[in-house]
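J.: Attaching a single structure in structure tokens format; questions to follow.
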Amino acid sequence: MKSRYFKNIRINLIYCIIYTLFFYGLGYPLILNSTSAEIVDRIVAVVNDDVITLTELNSSFKPYAEKIRSLGYPREKEQQLFFKVRKEILDHLINEKIEDQEIKRSKVEISEEQIDRTIERIKETNFLTDEQLRAGIAKEGMTMEEYREKIKNQILRERLVNLKVKSKIVITKEDIKAYYEKHIDEYVGKPKYHLRNIILKVPLFTDDTKKLEIKTKMDEILEKLKSGESFEALAAKYSESPAASDGGDLGEFEFDSLSPQLQKAIEKLKPGEFTPVLDTDLGYQILFLENIVSDEGKTLEEVTPEIESKLYNETIDKKYGAWIGELRKQSVIKIIQ
């Protein structure tokens with residue numbers, strides 16, 4: 001019985017070894033340390049004739065992982081974010097491999113002098129000396145040669161996208177006009193209400209007797225306003241607002257930005273009129289409508305550059321998504337979890 005038990009274990013072990021050799025040896029190899037047979041890397045995705053290794057994925061994922069850990073989420077939530085972000089990064093790396101393959105097919109090239117100029121611009125933009133840049137590169141665990149290769153790939157991918165996507169985008173005057181008319185509310189000016197207030201605060205847990213005293217004082221202020229006394233003077237004398245010294249001046253507000261209670265209170269006021277005493281979350285208030293300021297908004301001509309830029313960027317995203325999506329359909333992609 002004992003002999004048969006150990007025999008079954010040996011048979012199962014042999015099957016496991018055969019399966020491992022078959023699965024990893026014929027197309028999905030593990031990368032082993034030659035002296036200890038320790039797994040130091042593996043393939044996480046195959047993109048046509050290229051592979052993405054676990055080292056590549058972890059290198060790209062590392063800064064995001066550190067950021068997620070710093071947020072202090074519960075363990076389960078943290079793991080969910082790790083999985084989601086890791087998947088998105090792998091997806092991005094697959095797109096880069098496809099782009100790199102398309103660069104070769106399209107024969108997009110760049111000279112060493114162009115790489116040099118780009119690195120010089122990076123130093124100038126960030127106010128770095130050559131020594132500081134090299135120190136920063138070393139801190140990221142890269143050599144200068146690896147950094148130059150990274151810059152080269154970025155420029156080549158940008159040129160490819162310019163060639164395949166951006167160069168084919170045309171934003172017409174009709175496009176701009178249609179967008180303007182569809183989003184007219186964003187460009188037509190809305191009136192603004194210039195408000196002042198007088199407020200007497202009602203502290204939390206104030207008893208009814210004290211609250212009645214505050215309300216009575218506010219009613220007296222209202223009577224002074226009705227008799228013709230200056231709102232600004234009364235605000236400066238009685239209001240408990242930081243704006244009291246400025247005559248209760250609150251500034252200008254769009255109607256929609258006010259609370260429903262305040263909207264209802266001022267909607268029928270004319271400039272120079274004030275509300276009755278309002279019982280608000282902040283205390284008892286009286287609002288004064290100083291003026292209604294008309295904003296003429298922006299004409300089509302004024303916002304044309306803004307809309308053109310917006311449409312261009314939106315179109316890039318759509319066109320790039322469609323372009324890279326089509327290339328992915330034409331590619332053989334195998335993801336190994």
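J.: Looking at the stretch 194-222, I want the residues that are touching a residue at least 24 places away in the same chain (Cβ under 8 Å) and surrounded by 12 or more Cβ atoms within 10 Å (Cβ to Cβ) and have a partner that is assigned to a helix (DSSP H, G or I) and small (G, A, S) with Cβ atoms under 6 Å, at least 6 apart or on another chain. Which pairs are those?
T.: Pairs that qualify, where the first residue is touching a residue at least 24 places away in the same chain (Cβ under 8 Å) and surrounded by 12 or more Cβ atoms within 10 Å (Cβ to Cβ) and the partner is assigned to a helix (DSSP H, G or I) and small (G, A, S), are I198/A235.
J.: Any idea how many residues of the stretch 68-96 are closer than 28 Å to V332 by Cβ and not charged (D, E, K, R)?
T.: Taking the stretch 68-96 as the starting set, the residues that turn out to be closer than 28 Å to V332 by Cβ are 82-96.
Right, trim to not charged (D, E, K, R) and you get 82-83, 85, 89-90, 92-95.
Total meeting the criteria: 9.
J.: Have a look at I103, I11, I31, I94 and point out the one that is in a helix (DSSP H, G or I), among the β-branched types (V, I, T) and at pLDDT below 50. Don't jump to the end; show me each part of the working.
T.: Numbers: I103 fails: at pLDDT below 50; I31 fails: in a helix (DSSP H, G or I); I94 fails: at pLDDT below 50.
After ruling out the rest, the residue left standing is I11.
J.: Would you point out the residue of the stretch 277-291, among those that are out of contact with any strand residue (DSSP E or B) (no Cβ under 6 Å at 6 or more places or on another chain) and surrounded by 15 or more Cβ atoms within 10 Å (Cβ to Cβ), that is modelled with the lowest pLDDT?
T.: Ranking the candidates gives T280 first.
J.: Checking L156 against (1) buried (at least 16 other Cβ atoms within 10 Å of the Cβ); (2) without any contact (Cβ under 8 Å) to a residue 24 or more places away in the chain, which single condition isn't satisfied?
T.: Tallying (1) buried (at least 16 other Cβ atoms within 10 Å of the Cβ); (2) without any contact (Cβ under 8 Å) to a residue 24 or more places away in the chain, L156 fails exactly one: (2).
J.: Continuing with this model, one more query. Inspect the stretch 74-88 for any residue being within 23 Å of K164 (Cα to Cα), surrounded by 12 or more Cβ atoms within 10 Å (Cβ to Cβ) and within 30 Å of the chain's Cα centre (by Cα) and give the result as yes or no. Show your work before the answer.
T.: So the first thing to find is which residues in the stretch 74-88 are within 23 Å of K164 (Cα to Cα), and the list is none.
No, every residue in the stretch 74-88 fails to be within 23 Å of K164 (Cα to Cα), surrounded by 12 or more Cβ atoms within 10 Å (Cβ to Cβ) and within 30 Å of the chain's Cα centre (by Cα).
J.: Also, quick follow-up: Please give the number of the condition K217 fails out of (1) among the charged types (D, E, K, R); (2) within 21 Å of D281 (Cα to Cα); (3) within 41 Å of the chain's Cα centre (by Cα); (4) outside any strand (DSSP E or B).
T.: With (1) among the charged types (D, E, K, R); (2) within 21 Å of D281 (Cα to Cα); (3) within 41 Å of the chain's Cα centre (by Cα); (4) outside any strand (DSSP E or B) applied to K217, the lone miss is (3).
J.: For N162, only one of the following conditions fails: (1) surrounded by 13 or more Cβ atoms within 10 Å (Cβ to Cβ); (2) within 28 Å of the chain's Cα centre (by Cα); (3) within 30 Å of F61 (Cβ to Cβ). What is its number?
T.: (1)
J.: Further question on the same structure: Suppose we keep only residues that are part of a helix (DSSP H, G or I) and within 20 Å of T55 (Cβ to Cβ) within the stretch 130-143. Which one would you say is modelled with the lowest pLDDT?
T.: Step one: list which residues in the stretch 130-143 are part of a helix (DSSP H, G or I), which gives 130-139.
Still in the running and within 20 Å of T55 (Cβ to Cβ): 137-139.
Numbers: I137: 93, A138: 93, K139: 89.
Among residues in the stretch 130-143 that are part of a helix (DSSP H, G or I) and within 20 Å of T55 (Cβ to Cβ), the one modelled with the lowest pLDDT is K139.
J.: Now for a separate question. Run down L250, L200 and say which single residue is on the phi < 0 side of the Ramachandran plot and touching a Gly at 6+ places or on another chain (Cβ under 6 Å).
T.: Exactly one of L250, L200 is on the phi < 0 side of the Ramachandran plot and touching a Gly at 6+ places or on another chain (Cβ under 6 Å), namely L200.
J.: Further question on the same structure: Among the residues of the stretch 289-325, count how many are in contact (Cβ under 8 Å) with a residue 24 or more places away in the chain and either of a type in the set (D, E) or under 30 Å from L225 (Cβ atoms) (or both).
T.: The number of residues fulfilling the criteria is 9.
The values are calculated or read from the model by the stated rules, or taken from the named source; none is laboratory data. Nothing here was measured: the structure is a model prediction, and the numbers come from that model. No Cβ is skipped: glycine too gets one built from the backbone with ideal geometry, and neighbour counts run over all protein chains shown.
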